[in-house]
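Beneath this line is the structure, given in structure tokens, with notes to follow.
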Amino acid sequence: MSIRRSLLKRVVALAAAAAVPAGPALAGAYPERPVTLVNPYAAGGPADLVARSLARGLEARLGQPVIVENKPGGGASIGTGFVARAKPDGYTLLLGTSAGHVVTPLMQKTPYDGVGGFAFGAIVAVQPIMLAVNPERGIKTVAQLLARARAEPGKLSYGSAGVGGATHLGAEQFQQAAHISLNHIPYAGAAPAVNDAVGGQVDLVMLNLSAILPFIKQGRLLPLGYAAEQRSPLLPDVPTLAEAGVPGAQAATWYSLAAPAGTPAPIVQQLSDAVRALNQEPAYRDLLTQQGISLMALTPAQAQAYVEQDRVEMRALLGRLDLLAK
């Protein structure tokens with residue numbers, strides 16, 4: 001099973017589950033002061049776009065400033081761990097991903113429980129990954145990439161947004177499905193990875209579409225294949241990886257809104273309700289969908305189940321790739 005092959009089936013199943021009713025009102029109004037939203041990736045990348053768009057929308061619904069704080073590095077474990085250790089009062093939140101919640105804790109020991117250490121208010125969005133190449137490499141199709149990679153195993157390099165993230169594991173799945181070997185260069189986020197791809201320091205990237213779309217439009221990166229079941233409406237001429245001859249290489253990043261475990265249930269529900277209301281705002285929807293990002297609206301219970309299922313799938317994938325912590 002690919003990283004996100006079961007996404008639609010899972011969402012349908014979760015949406016059919018009984019919604020969790022909102023808890024009783026808190027004794028004091030929440031929030032009474034500014035809220036910090038931690039992004040465990042570098043500024044300027046797709047996670048940063050989601051974090052800052054989400055923060056502006058939450059501000060309008062919570063009535064307090066929501067300050068985005070970037071804490072990149074460690075396969076998203078630095079920022080994720082920071083929030084796990086924060087006071088569970090709803091004032092320190094996380095824009096989480098599979099890397100920080102699931103994959104990094106499966107690949108190495110972390111000082112936090114990526115699933116049990118959090119209360120999940122929502123799965124905010126999902127974004128498939130695009131394979132793109134520096135046009136100076138003379139590679140114009142996936143078939144040409146495969147031919148070059150097989151002729152020179154390990155010579156072509158690709159940049160990811162960090163070890164253990166969807167962009168890394170998506171590339172690993174792609175290599176496994178295509179029977180090729182590429183040289184992995186991990187970065188602390190999508191922005192530095194795409195900068196080096198444009199500058200020629202790495203040959204390829206597998207990154208969220210929003211990170212590379214401006215460079216594709218400028219002709220500074222050439223898209224080769226989309227790691228989704230269907231083509232992106234933003235780039236309808238770019239085939240899916242399956243259409244390009246590499247089935248079984250679907251990959252996407254999901255983003256959660258999470259609080260430290262022990263955060264009062266009414267606060268978690270309030271955050272979930274705020275996200276679901278924000279999803280109905282045309283300006284917010286348009287901003288993210290124009291970047292190839294799909295919005296989601298899950299209850300806290302559904303979000304928790306989503307992350308737990310992702311851990312099951314990632315454990316199986318990492319086992320096949322021999323990347324589980326020994």
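The values are calculated or read from the model by the stated rules, or taken from the named source; none is laboratory data. For clarity, every value in this text was computed on a predicted model and none was experimentally measured. Methodologically, a virtual Cβ is constructed for each residue, glycine included, from the backbone with ideal geometry; neighbour enumeration extends over all protein chains shown. Heavy atoms of the whole protein, side chains included, go into the accessibility calculation; ligands, DNA and RNA do not. Shrake-Rupley method; radii C 1.70, N 1.55, O 1.52, S 1.80 Å.
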Quick one: Debye curve from the alpha-carbon atoms of region 31-151 only, equal weights, vacuum; give me log10 I(q)/I(0) at q = 0.12, 0.13 Å⁻¹ to two decimals. -0.54, -0.61
Amide H neighbours of Leu37 under 5 Å, at least 5 residues apart or on other chains, H built in the peptide plane: list them. Ile67, Val68, Glu69, Leu93
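Using the beta-carbon distance between Gln144 and Asp113 and R0 = 30 Å, what value does 1/(1 + (r/R0)^6) give for FRET efficiency, to the nearest 0.05? Show your work: numbers first, answer last.
Numbers: r = 44 Å, r/R0 = 1.48.
Efficiency for this residue pair is about 0.10.
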Using only Cα atoms, find the angle between the long axis of helix 7-16 and the longest principal axis of the chain, and express it within 0 to 90 degrees, rounded to the nearest 10. 20
Compute, for the chain, the length of the dipole vector about the Cα centre, with Cβ point charges of +1 (Lys, Arg) and -1 (Asp, Glu) only. Units Debye, rounded to 20. 300
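Contact order normalised by length for the chain, with contacts defined as Cα pairs under 8 Å and 6 or more residues apart; what percent is it? Don't skip to the answer; put the middle values down first.
Working: 694 pairs, mean separation 91.3, N = 326.
Once normalised by length, the contact order is 28 percent.
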Determine the dipole magnitude for region 31-127: charges of +1 sit on the beta-carbon of Lys and Arg, -1 on that of Asp and Glu, nothing else is charged, the reference point is the Cα centre, and the result goes in debye to the nearest 20. 60
Counting all C-alpha pairs of region 80-163, share separated by more than 16 Å (%): 66
Ranking Pro247, Gln290, Ala301 by how far each Cα lies towards the positive end of the charge dipole of region 225-305 (+1 on Lys and Arg Cβ, -1 on Asp and Glu Cβ), the top one is Ala301
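What part of the accessible area of the chain, given as a whole %, is carbon or sulfur when the probe is 1.4 angstrom? Present the calculation step by step, with values, prior to reporting the outcome.
On the way: 7120 of 12900 Å².
After summing per-atom areas, the C and S share lands at 55 percent.
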Per residue, what accessible area does the chain have, given a 1.4 Å probe and all protein chains present, in Å²? 40
For region 264-270, in order, what is each residue's ³J(HN,Hα) by Karplus, 6.51 cos²θ - 1.76 cosθ + 1.60 with θ = phi - 60°, in whole Hz (x at glycine and Pro)? x, 4, x, 5, 4, 5, 4
Heavy atoms of Met296: accessible area, 1.4 Å probe, square angstrom to 10: 20
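Thinking of region 269-317 as a set of Cα atoms, what percent of all their pairs are more than 17 Å apart? Please list the in-between numbers first.
Numbers: 581 of 1176 pairs.
Roughly 49 percent, once rounded to a whole number.
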Subtract the Cα-Cα distance of Asp237 and Arg285 from 0.36 nm times their separation in residues, and report this length gain in nm to one decimal. 14.9 nm
Check Ala252: other-chain or 5+ apart residues with amide H under 5 Å from its amide H, H built from backbone geometry? Arg4
Connecting C-alpha atoms closer than 10 Å in a GNM of the chain, tell me which of Leu271, Leu146, Leu94 has the biggest fluctuation. Leu146
Looking at [x] 15; [y] 55; [z] 28, which value of percent of Cα pairs over 36 Å apart comes from a calculation on the structure shown? [x]
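Given Cβ point charges of +1 (Lys, Arg) and -1 (Asp, Glu) and nothing else, what value in debye, to the nearest 20, does the dipole of region 211-326 about its Cα centre take?
260
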Give the lysines reachable from Lys87 as a straight Cα distance under 18 Å; neighbours fewer than 8 places away on the same chain don't count. Lys71
If every alpha-carbon in region 204-312 counts as one equal scatterer, what log10 I(q)/I(0) does Debye give at q = 0.17 1/Å? -0.95
Taking the alpha-carbon centre of each part, the distance from region 251-326 to region 114-150 in Å is 18
If the cut-off is 22 Å between C-alpha atoms, which lysines fall inside it for Lys155, apart from same-chain ones fewer than 8 positions away? Lys140
